[in-house]
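Following: one structure in structure tokens, then a few remarks.
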Amino acid sequence: MTRRTRPGSVAVAVGYLRVSTDRQELGPEAQRASIEQWAQASSVTVAAWFTDTVSGASELSDRPGLAAALAALRAHGAGVLVVARRDRLARDVAVAAAITRATEQCGARVVSADGSANGEGAADSFLRTILDAAAAYERELIRTRTKAALRAKRERGERAGELPFGYADGGDGRLIPQESEQRTLRLVNDLRGQGLTLRAIVAELDAQGIRSRSGKPLGLTQVSRIVSGLRERSDSTAG
């Protein structure tokens, strides 16, 4: 079992921002402003800032920004990992709990700049669980509504949203499969099925010389969107 390090200073924090891959109702600028306001009111110094552009359900292994933030807690002797809102930490109960444990092992605790459930008592602990569950529930509602809307458009042969990787615009909102990108989709699906993390998939695609439409290596954000798209299409087919 990993031992928790000596507690860091509660007067020093590391800021963590998370931007969703599909919804950006609270962008990084707004999140940072909220945290800065909290820090000023609380007399806390934010020693470093880190950002991930990932789904709220993404595991710790798929969050390079979070990994750097946890390392920064130790490096700066910080006792606080601060997020703008609890749902910016995660929209999955298990993932939120894992991040909380990892933060505690660094001698720090998670704090929300909006002041929700920041106490250490039983009532605040219970409320954090409720907030995490509510965030996960909202995420599932959004996914369900989005999938239904996209399914209806696809059934009409129309393009749903931005041009997805793997397809070209055939005009009139219709999609035409692009074989080279379809091969990449199949490869990503196989690699994910083997249990590879998003970062490992990015590295494997780069090693195989697979590039985006602009000729650049596929990045973590694009691969995350590809995986999300594959999952949505799979769910739609299963439904």
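Taking the helices alone, the chain has a mean residue ellipticity at 222 nm of -17000 deg cm²/dmol, built from -39,500 (n - 2.57) per DSSP H run of at least 4 residues and averaged over all its residues. Using C-alpha pairs under 8 Å with a sequence gap of at least 6, the mean separation divided by the residue count of the chain gives a relative contact order of 17 percent.
Remark on Ala84: its backbone amide H falls under 5 Å from those of Ala113, a criterion applied only to residues 5 or more positions apart or on other chains, H modelled at 1.01 Å from N. Return the distance in nm (one decimal) between the two label points of a simple spin-label model at Ala152 and Ser61, each offset 7 Å from Cα along Cα→Cβ. Here the modelled spin labels are 3.8 nm apart. Here's how it looks for Tyr167: its modeled amide H is under 5 Å from those of Gln178, which are all 5 or more places away or on a different chain. R0 = 45 Å: FRET efficiency of Ala133 with Glu29, Cβ-based, nearest 0.05? After rounding, the FRET efficiency stands at 0.95. Placing pseudo-labels 7 Å out from each Cα toward the beta carbon at Thr221 and Leu141 gives an inter-label distance of 2.8 nm. With 0.36 nm allotted per residue and the present C-alpha distance subtracted, the Gln208-Glu120 stretch has 26.8 nm of extension available.
With Cα atoms as the point set, segment 9-132 shows a radius of gyration and Dmax of 13.0, 35 Å. Between Arg183 and Gln37, full extension at 0.36 nm per residue minus the direct alpha carbon distance yields a gain of 47.8 nm. Around the amide H of Val19, modelled in the peptide plane, lie the amide H atoms of Asp52, Thr53, Val54, all under 5 Å away and 5 or more residues distant in sequence or on another chain.
Only the coordinates and a few stated rules stand behind these numbers; no lab work does. Since the structure is predicted, the reported quantities are computational estimates derived from the model, not experimental observations. Using ideal geometry, Cβ is built from the backbone for each residue, glycine included, and neighbour counts are taken over all protein chains shown.
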